[in-house]
Amino acid sequence: MLLSPAARARRRLAEMAGRGVLFAVTSVAALSVLAIIFFIARDALPFFTQVGMREFFLSTEWYPSHQPPQFGAAAIFVGTFLVTAAAVVLAVPIGLFAALCMSDILPFGLRQLLKPVIEMLAAIPSVVYGFFALTVVAPLVQDAGRWLPGDIQIDSGVNALTASLILGVMALPTIVSVSEDALQAAGRELREGSYALGATRAETLFKVVIPASISGLFSAVLLGIMRVMGETMVVWMASGNAAQIPKPWYNLLLPVRTLTATIAGDMGEADQMTGSTHYHVLFAMGLCLLLMSFACNLAGEWVVARQRKKLRGG
């Protein structure tokens, strides 16, 4: 159809308006992230200028209410790493194998029944997980100490192991759901082509389907790590909240303290002293969590890009 100059101008204006609206909508997420970084960094930088990084990252003396206060957060960083690593070691193998089972082994009807049940775990409030850890898991962990050798003792059921077990369960829905979607996206044709060449089901799964879905699987693992690292209520209620480095450092049977639990536990006191060093150190911890998340995302993008290049034969 031939349009008049006025009609073409109206259509061009409508297209420009639509693109502007879509651009504004898609920019909300980026602007929100930038705003979060700005406001957290604004309140975190005064701590580093007043106290410095040496005490914060290298000292284990965390006494923000003493006179003079001490803000050594090394033990808190170790506790965060220990709980996160243990939860990921528990959740990732179980989650990936569960997703593999649901996508290629279980009957379709059973898979349709199990997937909503697994996803329901993500709908349970974290405070409920915390109460479950305190009332069920912690007593079981403490009672299990009777079966350990004499030189290994569990003084309290609220420790790094209890928090890691619950965090591993909390990360499962994310890992299973995203991994199963990634495996399904590999397509039926890829599987049938492998079977047509004489490959067994195991060979098809581990040599064809998984390599084709590696980017999605890695994204699932990354999301699970972020879920564990950012959890607050469970570690606050079940980790013991002791600012100490276990001896040896990998001992999960001792209480530890994490960054998120410290921020949640101390913010009530720090709010009464807005502008104090105690107030700013909590924002410094939040900034460190944010930077760790960015580092994990960048590492994930690098691994995925490298894997894609490898699959293309580059």
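The values are calculated or read from the model by the stated rules, or taken from the named source; none is laboratory data. If you're wondering where the values come from, they're calculated on a predicted model, not measured in any experiment. Methodologically, a virtual Cβ is constructed for each residue, glycine included, from the backbone with ideal geometry; neighbour enumeration extends over all protein chains shown.
Pairs meeting the criteria (first residue in the stretch 215-229 and closer than 10 Å to LEU167 by Cα, second residue modelled with pLDDT of 90 or more and not in a helix (DSSP H, G or I), beta carbons under 9 Å, at least 6 apart or on different chains) are MET229/THR258.
Pairs meeting the criteria (first residue in the stretch 275-289 and modelled with pLDDT under 90, second residue among the polar types (S, T, N, Q) and outside any helix (DSSP H, G or I), beta carbons under 9 Å, at least 6 apart or on different chains) are HIS278/SER65.
Within the stretch 51-99, which residues are part of a helix (DSSP H, G or I) and of a type in the set (Val, Ile, Thr)? Hits for the stretch 51-99 are ILE76, VAL78, THR80, VAL83, THR84, VAL88, VAL89, VAL92, ILE94. Within the stretch 105-122, the set of residues being in contact with a helix residue (DSSP H, G or I) (Cβ under 9 Å, 6 or more places away or on another chain) and closer than 20 Å to ARG191 by Cα comprises ILE105, LEU106, ARG111. Residue count for the stretch 105-136 satisfying the condition of being more than 20 Å from the chain's Cα centre (by Cα) and not in a helix (DSSP H, G or I): 3. Across the stretch 1-50, which residue is farthest from GLY286 (Cα to Cα) among those that are polar (S, T, N, Q) and either modelled with pLDDT of 85 or more or assigned to a helix (DSSP H, G or I) (or both)? Residue satisfying both the conditions and the ranking: THR26. Taken over the stretch 212-230, the criterion of being under 19 Å from VAL303 (Cα atoms) and not in a helix (DSSP H, G or I) is satisfied by SER213 alone. Within the stretch 183-211, the set of residues being free of Cβ contacts under 8 Å to residues at least 60 places away in the same chain, surrounded by fewer than 17 Cβ atoms within 10 Å (Cβ to Cβ) and under 20 Å from VAL303 (Cβ atoms) comprises ALA185, PHE206, LYS207. Within the stretch 49-93, if we keep just the residues that are of a type in the set (D, E, K, R) and surrounded by 14 or more Cβ atoms within 10 Å (Cβ to Cβ), the residue that is nearest to ALA122 (Cα to Cα) turns out to be GLU61.
For the stretch 99-123, taking the residues that are in contact with an Asp or Glu (Cβ under 8 Å, 6 or more places away or on another chain) and among the hydrophobic types (A, V, I, L, M, F, W, C), the one that is surrounded by the fewest Cβ atoms within 10 Å (Cβ to Cβ) is identified as MET102.
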